Amino acid sequence: MNSLYKEKEQHLPQTNGRVCLISPDKLFPNPSQPRFIFEDEPLLRLADSIRRFGILQPLSVRPSRNSDGSIEAYQIIAGERRWRAARILGLKTIPCLVLDIDNQSSAELALIENIQREDLNIFEQAAAIASLIDIYGLTQEQAARQLSSSQAYIANKLRILKLTPKERAQIIKNKLTERHARALLRIDSPEERLAAISHIATKELNVSATERYIDSLIAEQSASKGSIKPYLKDLRFFYNSVDKAALILKNCGFDVTTKKKELDSETFITICISRKG
């Protein structure tokens, strides 16, 4: 079935750094694997592709040795989805690139390889970055250099891990984006965030509409608590803009007057521009 790989199953040390065929039964997952969701439908599609074309990219594995140094099995560094799909098909052997490396290097390779995969969901990517930082005691800046990205990119990824598992599941289920997730963090209550996720998904709000919706929620909450201080600065900016616009018109020769009337729940601003002649 895998016509690209005709070698017989071999063993280290002769195979270190080489591609060889290994029984799926001798492989086991890497505990540092960031992917924690393996959906059935994508796995079946991958299995069908492997059935037709074979495994085009070998798995990366490392040997797990017995106390006497003999090889007991192989830990998967990268390629667990291909391994699972191969098991669905009942393949007898799988092409693997065997790397005789230590636990730390294995974990690092697994994390970096998977972080850079586009098919991880946003929370799997974030969790993988968090694991990389935790395992090696990295700063966000160091992690950014390791992943050839910016510190802001890393910080934004990590922020969404503040969402609860239930919120994450609903975000993934409703196919919301990372920017949706970050916008939701402005809401303090997990219960209110879940309600907001439901509303955003039902109304199919894009990111801009979501941010406006969350703005309105926060404004309503502040008003109900009798707290408008966060918005006073914005209102003063608006009033100043009106006064500056009136002054520009006056300098151009127009007769302009402005009036402001404040009520308990409303403010009326009247701008009167007299017609010439």
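Against the definition (outside any helix (DSSP H, G or I) and within 15 Å of the chain's Cα centre (by Cα)), how does Ser67 come out, yes or no? For Ser67, the condition - outside any helix (DSSP H, G or I) and within 15 Å of the chain's Cα centre (by Cα) - is not met.
Scanning the stretch 170-180 for residues that are assigned to a helix (DSSP H, G or I) and either surrounded by 14 or more Cβ atoms within 10 Å (Cβ to Cβ) or touching a His at 6+ places or on another chain (Cβ under 9 Å) (or both) yields Gln170, Ile171, Ile172, Glu178, Arg179, His180. From the list Thr267, Thr202, the one residue that fits, being loosely packed, with under 13 Cβ neighbours inside 10 Å, polar (S, T, N, Q) and at pLDDT 90 or above, is Thr202.
At pLDDT 85 or above, touching a helix residue (DSSP H, G or I) at 6+ places or on another chain (Cβ under 8 Å) and farther than 27 Å from Leu43 by Cα - does that describe any residue in the stretch 116-134? Yes, the stretch 116-134 contains at least one residue that is at pLDDT 85 or above, touching a helix residue (DSSP H, G or I) at 6+ places or on another chain (Cβ under 8 Å) and farther than 27 Å from Leu43 by Cα. Within the stretch 149-166, restricting attention to residues that are aliphatic (A, V, I, L, M) and part of a helix (DSSP H, G or I), the residue that is farthest from the chain's Cα centre (by Cα) is Ala152. When Gly90, Gly79 are checked against the criterion of being small (Gly, Ala, Ser) and surrounded by fewer than 18 Cβ atoms within 10 Å (Cβ to Cβ), a single residue qualifies: Gly90.
Taken together, the criteria place Ser241 among residues that are loosely packed, with under 11 Cβ neighbours inside 10 Å and at pLDDT below 80.
Just give me the residues in the stretch 132-148 being surrounded by fewer than 16 Cβ atoms within 10 Å (Cβ to Cβ), assigned to a helix (DSSP H, G or I) and of a type in the set (Val, Ile, Thr), in sequence order. So that I can check it myself, show each step before the final result.
Let us first name the residues in the stretch 132-148 that are surrounded by fewer than 16 Cβ atoms within 10 Å (Cβ to Cβ), namely 134-137, 139, 141-142, 145, 148.
Next, only the ones that are assigned to a helix (DSSP H, G or I) stay: 134-136, 141-142, 145.
The one that is surrounded by fewer than 16 Cβ atoms within 10 Å (Cβ to Cβ), assigned to a helix (DSSP H, G or I) and of a type in the set (Val, Ile, Thr): Ile135.
The residues of the stretch 50-64 that are in contact (Cβ under 8 Å) with a residue 12 or more places away in the chain and either of a type outside the set (D, E, K, R) or not in a strand (DSSP E or B) (or both), listed by number, are Ile50, Arg51, Gly54, Ile55, Leu56, Gln57, Pro58, Leu59, Ser60, Val61, Pro63, Ser64. Of everything in the stretch 22-46 that's over 11 Å from Ala86 (Cβ atoms) and of a type in the set (A, V, I, L, M, F, W, C), which residue is modelled with the lowest pLDDT? Here the answer is Phe36.
Can you find a residue that is part of a loop (DSSP other than H, G, I, E, B), within 30 Å of Val61 (Cα to Cα) and over 14 Å from the mean Cα position of the chain (by Cα) anywhere in the stretch 118-126? Looking through the stretch 118-126, none of the residues is part of a loop (DSSP other than H, G, I, E, B), within 30 Å of Val61 (Cα to Cα) and over 14 Å from the mean Cα position of the chain (by Cα). Looking at the stretch 174-199, I want the residues that are closer than 13 Å to Leu217 by Cβ and have a partner that is in a helix (DSSP H, G or I) and among the hydroxyl-bearing types (Ser, Thr, Tyr) with Cβ atoms under 6 Å, at least 6 apart or on another chain. Which pairs are those? Matching pairs, first to second residue: Ala183/Thr210. Test Leu89 against the criterion of being in contact with a strand residue (DSSP E or B) (Cβ under 6 Å, 6 or more places away or on another chain) and either in the same structural domain as Glu178 (by TED's automatic domain parsing) or at pLDDT 90 or above (or both), and give yes or no. Against the criterion (in contact with a strand residue (DSSP E or B) (Cβ under 6 Å, 6 or more places away or on another chain) and either in the same structural domain as Glu178 (by TED's automatic domain parsing) or at pLDDT 90 or above (or both)), Leu89 does not qualify.
The values are calculated or read from the model by the stated rules, or taken from the named source; none is laboratory data. Treat the numbers as computed from the prediction; the structure is a model and nothing was measured. Heads up, the Cβs are rebuilt from the backbone with ideal geometry, glycines too, and the neighbour counts pull from every protein chain shown.
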